[in-house]
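Derivation of every value follows stated rules applied to the coordinates shown; laboratory data play no part. Predicted model only: the values in this text are computed from it and were never measured. Neighbour counts are summed over all protein chains in view; Cβ atoms, including those assigned to glycine, are modelled from backbone coordinates with ideal geometry.
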Amino acid sequence: MKRLLVWTGVVIGLSFSVLPGWGESWKPAPSPLMTRWAKDVSPDRVWPEYPRPQMVREKWVNLNGLWDYAVTPKDASQPEKWDGQILVPFCIESALSGVGRKVQPTERLWYRRKFTTPELPQGGRLLLHFGAVDWQATVWVNGRQVGEHTGGYDPFTFDITECLKPGENELVVAVWDPTDTGWQPRGKQVLNPKGIWYTAVTGIWQTVWLEPVPAQYIEKLKLVPDIDRERLVVTVYAPPGLSVGLKARFAGQDVAETRGPAGQPIELRIPQPKLWWPEEPNLYDLEVSLLSDGRVVDKVESYFGMRKVSVEKDEKGINRLMLNGKFIFQYGPLDQGWWPDGLYTPASDEAMKFDIEMTKKFGMNMARKHVKYEPERWYYWCDKLGLLVWQDMPSGNADRNEESRANFRRELKAMIDARFNHPSIIMWIPFNEGWGQHDTCDIVNWIKEYDPSRVVNEASGWHDNGCGDISDMHRYPGPGVRPIEEKRACVLGEFGGLGMPIPGHLWKEQGAWGYVAYADQEALTDAYCELLAQVRFLIPQGLCAAVYTQTSDVEIEVNGLMTYDREVIKIQVDRAAEAARRLHLPPPTVQVLVPTSERQGQVWRYTMETPSENWMTPEFDDSAWKEGPGGFGTEGTPGAVVRTVWNTSDIWLRRSFELTKLPEHGELALAIHHDEDAEVYLNGQLIKRTKGFLTGYTIVPLTGEAVRNALKPGRNVLAVHCHQTRGGQYIDVGLTLIVEKE
């Protein structure tokens with residue numbers, strides 16, 4: 001794998017002289033924010049890395065760089081006059097394109113550049129590859145149309161051999177993108193960005209490249225690991241009648257070799273395989289040769305990881321997400337993959353790798369790639385660095401006609417095919433929160449049949465039809481978990497979203513948006529670690545994984561672990577990593593000292609009139625207060641179990657309980673559901689102050705010797721004040737003891 005890490009491509013036969021003065025003729029368009037990597041972008045060296053790391057050939061030509069561009073009415077013919085130059089592979093709306101302008105659905109974006117025909121092998125072919133173009137692309141070489149493609153995320157290829165001429169050739173690409181006026185998969189792109197919806201992406205946004213191949217060549221690979229049978233099943237797509245040679249290496253040593261027919265599954269035995277884990281991402285190198293009458297006619301280099309993904313019951317009969325037959329709690333960010341300077345495309349491979357490295361530094365072992373597919377090198381780095389990937393299908397419109405339904409399935413299949421071989425990808429998610437959701441169980445069943453090597457999450461959050469392998473809920477700020485199911489594993493597909501705007505690092509200085517706001521790094525880190533502590537208590541209740549919103553700020557969203565420009569890490573990394581590490585400890589025992597009213601109403605004294613200052617002390621006489629069962633609030637408040645109506649701005653609660661003796665071990669914690677701000681007292685001492693609201697019950701650890709000293713044998717008093725400003729309202733509190741396993 002070391003060779004793949006340093007590969008930047010062998011550029012052959014490409015004359016840069018057709019576009020003189022690249023360095024002087026390009027600069028980024030104005031942008032509110034830029035990343036540190038933008039300064040290293042130059043037209044003569046933009047995304048130079050080999051773009052297809054799982055099927056590497058020695059010779060290729062990188063066509064990234066400055067192209068001519070023009071924007072015309074949609075129905076216009078190829079322009080005679082061009083508007084200027086654009087830096088490929090950055091979309092036209094981005095700063096790094098050098099253009100930075102919108103393209104309307106009534107318009108068409110045109111590209112043009114020249115290239116020199118590279119040297120081809122005897123009888124060889126020249127392939128033109130596009131990593132991704134959003135959305136509908138038509139391609140001409142020397143005035144001859146070579147093909148069309150629709151789909152904004154999957155790679156596509158044209159054989160342009162018959163269109164070539166000696167010396168200089170002309171390549172023209174026309175792109176039409178309806179963005180949110182159409183029904184096509186597009187993720188979070190909209191023409192008028194606001195809230196959780198972002199800037200549109202139009203045109204070429206991944207590497208464009210040429211590849212000389214022999215007359216008979218390897219078209220693609222399909223790699224399916226099978227750790228139970230200690231084998232890799234390889235299908236090499238190539239002309240019929242040829243044979244294939246396979247050779248696997250690990251750490252430079254040959255471990256397996258075999259031959260078989262092209263186009264058919266071939267079993268490559270991998271004895272005592274070194275398994276792929278997030279903490280030990282073992283990868284094998286794979287050499288694939290195509291043979292005709294025993295003679296090698298083509299060869300590519302690849303790699304694979306040996307791993308197994310499944311849903312199985314643990315020793316307590318709870319369904320768990322298993323990796324290689326072992327339950328590992330999966331925790332990671334909602335990773336949107338947006339950049340202030342390149343939008344869908346980071347400034348460089350180094351920038352893209354940075355996000356993955358930071359995810360690992362936060363103590364995470366997974367990322368949910370949210371309604372976007374990435375360039376293949378992103379998945380390569382996940383494979384290499386050890387990051388599990390849940391892959392969303394980009395969402396589209398909810399209104400589905402037959403054309404839209406057929407297109408969705410075609411693009412879904414194309415994207416699964418394009419990223420099938422990456423061991424890091426363990427889950428397919430066809431829908432998110434009902435966005436464009438349709439034919440759910442039919443689509444899920446098709447995915448499971450097409451790719452039985454991975455689990456399928458039918459819809460992350462919201463509309464659950466009971467199919468697939470995963471029961472997924474969203475709760476902000478959360479956390480929460482659905483009831484244990486007989487056949488599916490339970491995950492928390494989104495939670496958190498804790499916000500903190502950082503002046504000087506904002507997409508817009510006004511209008512920043514997040515679920516809950518904090519003033520400084522210390523407060524944000526405290527809240528973040530508290531959330532993770534709460535997540536841990538849900539694992540014994542069946543929770544298998546959790547996804548925190550989100551990796552970085554995106555446009556006006558400020559709920560990232562990093563700012564949008566990746567300059568400020570908002571939380572304390574060491575504390576975050578320790579909180580994440582504790583998710584993998586044996587789950588603690590939770591002992592109830594004072595039950596909540598979630599399952600059975602508990603009697604409290606309460607008042608909605610402001611009491612005297614000593615209302616929270618054990619000595620206070622609350623006999624004049626009303627008496628009623630918890631919880632207190634209004635119907636319709638998320639997660640509330642209302643037994644006594646509270647619909648004023650404030651409520652004060654008191655309840656006494658007896659302890660025969662103090663617990664010798666463990667840590668006190670609140671079981672609480674509050675909407676909104678709450679103060680909790682134990683025997684007159686403030687033990688917790690909360691802000692904002694929850695959408696369900698959760699456990700909040702109470703730290704510090706003073707808190708524990710507030711508890712005493714005999715009579716104790718738990719007192720609560722809750723303040724409401726708007727929306728739903730609710731309060732209920734209990735007291736628990738958390739005992740760690742030795």
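If you take the square roots of the eigenvalues of the alpha-carbon gyration tensor of region 589-642 and sort them as a ≥ b ≥ c, do you get rounded (a/c under 1.5), prolate (a/b over b/c) or oblate?
Details: a/c = 2.37, a/b = 1.38, b/c = 1.71.
Oblate is the answer for region 589-642, as a/c is 1.5 or above yet b/c matches or exceeds a/b.
Of K59/K165; K308/K691; K39/K102; K39/K508, which pairs sit farther than 31 Å apart, going by alpha carbon to alpha carbon? As for pairs spanning more than 31 Å Cα to Cα, those are K308/K691. Per residue, the convex hull spanned by the alpha carbons of the chain comes to 165 Å³. Using a/c under 1.5 as the rounded threshold, could you call region 205-298 rounded, prolate or oblate? The axes a ≥ b ≥ c are square roots of the C-alpha gyration tensor eigenvalues, and prolate needs a/b larger than b/c, oblate otherwise. Taking the square roots of the gyration eigenvalues as a ≥ b ≥ c, region 205-298 is oblate. Rounded to the nearest whole Hz, the Karplus-based 3J(HN,Hα) values (6.51 cos²θ - 1.76 cosθ + 1.60, θ = phi - 60°) of region 241-257 follow the sequence x, 9, 10, 10, x, 10, 9, 9, 10, 9, 6, x, 9, 5, 10, 6, 7, with x at glycine and proline.
As a proxy for reagent exposure, D472, D355, D399 were ordered by neighbouring Cβ count within 10 angstrom, fewest first; the result is D399, D355, D472. By DSSP, the beta bridges lying fully in region 591-739 are antiparallel in about 95 percent of cases.
Three principal axis extents describe the C-alpha atoms of region 2-213; from largest down they are 54, 40, 34 Å. Applying a 4.7 Å cutoff between beta carbons, the unpaired cysteines of the chain are C91, C163, C382, C490, C529, C544, C722.
Of the listed pairs K81/K194; K81/K353; K413/K487; K274/K372; K220/K448; K194/K369, which have alpha-carbon separations greater than 29 Å here? Beyond 29 Å between Cα atoms: K81/K194; K81/K353; K274/K372. Measuring nothing but how far apart in sequence close Cα pairs (under 8 Å, 6+ apart) lie, relative to its length, region 591-739 scores a relative contact order of 35 percent.
Among 160-172, 215-227, the peptide with the highest mean count of other Cβ atoms within 10 Å heads the list, and the full ranking is 215-227, 160-172.
So which GluC sites (Glu not before Pro) in region 557-653 pass both tests, a DSSP loop state and at most 16 other Cβ atoms within 10 Å of the Cβ? Walk me through the intermediate numbers first.
On the way: sites: E557, E567, E578, E598, E609, E613, E619, E627, E635; in loops: E567, E598, E609, E613, E619, E635.
In loop regions of region 557-653 (DSSP not H, G, I, E or B), the sparsely surrounded GluC sites (Glu not before Pro) are E567, E609, E613, E619, E635.
One decimal place: the segment N614-D228 gains 132.3 nm when fully extended, by the rule 0.36 nm per residue minus the C-alpha distance.
Looking at the square roots a ≥ b ≥ c of the eigenvalues of the Cα gyration tensor of region 282-383, which shape do they give, rounded for a/c under 1.5, prolate if a/b is larger than b/c, or oblate? Verdict is oblate for region 282-383.
Would you list K487, K369 from fewest to most Cβ contacts within 10 Å? It would help to have the intermediate numbers written out before the result.
Details: K487 12, K369 23.
Arranged by neighbour count, lowest to highest, K487, K369 become K487, K369.
Principal semi-axes of the equivalent ellipsoid, √(5λ) from the alpha carbon gyration tensor of region 591-739, are 23, 17, 14 Å from largest down. Spatially, region 192-269 and region 479-547 are offset by 37 Å when compared through their Cα centroids.
By other beta-carbon atoms within 10 Å, ranking T660, T563, T589, T551 with the fewest at the front produces T660, T589, T563, T551. Using just its DSSP H runs of length 4 or more, each adding -39500 (n - 2.57), the chain gives a mean residue ellipticity at 222 nm of -4000 deg cm²/dmol after division by all residues.
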